[in-house]
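Notes to accompany the following structure.
The values are calculated or read from the model by the stated rules, or taken from the named source; none is laboratory data. Everything quoted here is computed from the prediction, not taken from an experiment. Glycine also receives a Cβ, built like all others from the backbone with ideal geometry; neighbour counts cover every protein chain displayed.
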Amino acid sequence: MSDKNHIIDPQALNHDVLTDPARGLSGVEAERRFPSDGPNTLARAAPVSPLDIFAAQFGSIVIWILVGAALVSLALGETAEGVSIGESGWRWRIR
């Protein structure tokens, strides 16, 4: 079996792994494969904290450009523009 099974034709993959998709594996076949293939489980992803999500927002150069533009606008007394730029940067990153 390959690590690129997601790009193989489903019928060819079923033939390669000797499986009938309508019935699955028999209990005997599942027990035989368990030592080499392991349990039929998915690995759990580590939870991501809200702080990590917030910090990840600042990993984009576009965000830093928008933050800089907002600060310049605020420094020049253009409050509405500064707030608008900051708010549009936030919406851009969420998408």
_Residue, nearest to the chain's Cα centre (by Cα), within the range 16-49, restricted to residues that are surrounded by 11 or more Cβ atoms within 10 Å (Cβ to Cβ) and in a helix (DSSP H, G or I)_ = Asp37
*Collect the residues in the range 1-15 that are among the β-branched types (Val, Ile, Thr) and surrounded by 10 or more Cβ atoms within 10 Å (Cβ to Cβ), keeping them in residue-number order.*
Ile8
*Six or more apart or on different chains, Cβ under 8 Å: which pairs go from a residue in the range 1-24 that's farther than 21 Å from Ser36 by Cα to one that's assigned to a loop (DSSP other than H, G, I, E, B) and at pLDDT 80 or above? Could you list them?*
Pro10/Pro21
